[in-house]
Amino acid sequence: MSAVFVILWKDLLSEFRTKEMVLSMLVFSLMVAVIFNFSFPPGSEFIQQAAPGILWMTLVFASLLGMNRSFVYEVDKGCMQGLMLAPVNRTAIYLSKLLVNFIFITIVELVVLPLFSVFFKLEVLHVAGQLALIMFLGTLGFTIIGTLFSAISVNTKTREVMLPILHFPVSIPIIICSVQATTAVLQEQGWQVLWGWCKLIVVFDIIFLIVAYFTFEFIIEE
């Protein structure tokens, strides 16, 4: 774990100096929110039903934009060879990248979610705890998958296109469950409905984390 936190601190320090990843995700998310705000009448029945899907679509695309760069700096600067030669378990590289991606995506969500609630006139304060649980589980799920596939796509010529192609088919179950859980919260369908979707997200998170843990070492081999 000490190796994980060392790499994590290095990535956090590098990002806070440049702010490229977080700012690009924020700008994209705000642009999508503004476009949809002017495309549909705020507070209408349609926007109330479509808001969970629009929210998660925005977060997933913004996350892919950020996760696509999580290994770019290491490969372009030749740092990946140094990390692979370090006398630590190579899984520490994956866990550190997973944590840094999760932190940056969470920062974006803390900004985007209040803006969505204002633009689309959604009442979220009384269900903030339930939304936080869904955001945590859903974000963790597609971050687990995105970090793994980012390590695969970074060595391809079309890495900006390859990551979404690899990511979406695998992460569809998590995205669907997250959208349905968010809909259940906003429409006040009850805790049993919400917990049913959350349990599915937890199962997928555990499965994908185990797969990533055992396959990452082979993925980063040349």
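Worth a mention:
- Residue that is surrounded by the most Cβ atoms within 10 Å (Cβ to Cβ), among those in segment 167-222 that are charged (D, E, K, R) and closer than 26 Å to L95 by Cβ: D205
- Unique residue being touching a helix residue (DSSP H, G or I) at 6+ places or on another chain (Cβ under 9 Å), in a helix (DSSP H, G or I) and free of Cβ contacts under 8 Å to residues at least 24 places away in the same chain when the list is A132, A184: A184
- A single member of L98, L59 is farther than 25 Å from S2 by Cβ, within 12 Å of the chain's Cα centre (by Cα) and among the hydrophobic types (A, V, I, L, M, F, W, C), and it is L59.
- Test: residue in segment 147-166 that is surrounded by fewer than 20 Cβ atoms within 10 Å (Cβ to Cβ), in a helix (DSSP H, G or I) and among the acidic types (D, E): yes
Conditions (1) surrounded by 17 or more Cβ atoms within 10 Å (Cβ to Cβ); (2) small (G, A, S), marked per residue:
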| position | (1), (2) |
| --- | --- |
| F5 | no, no |
| S14 | no, yes |
| A33 | yes, yes |
| A51 | yes, yes |
| T58 | yes, no |
| N68 | yes, no |
| M80 | yes, no |
| A86 | no, yes |
| S96 | yes, yes |
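- Only a single criterion out of (1) in contact with a Gly (Cβ under 8 Å, 6 or more places away or on another chain); (2) of a type outside the set (S, T, N, Q); (3) without any contact (Cβ under 8 Å) to a residue 60 or more places away in the chain; (4) closer than 18 Å to L65 by Cβ is not satisfied by I175, namely (3).
- Test result for V203, free of Cβ contacts under 8 Å to residues at least 24 places away in the same chain and either assigned to a helix (DSSP H, G or I) or among the small types (G, A, S) (or both): yes
Since every read-out is calculated from the coordinates, none of them should be taken as a lab result. Remember, predicted model here, so these are calculated numbers, not experimental data. We place every Cβ from the backbone using ideal geometry, glycine too, and count neighbours over all the protein chains shown.
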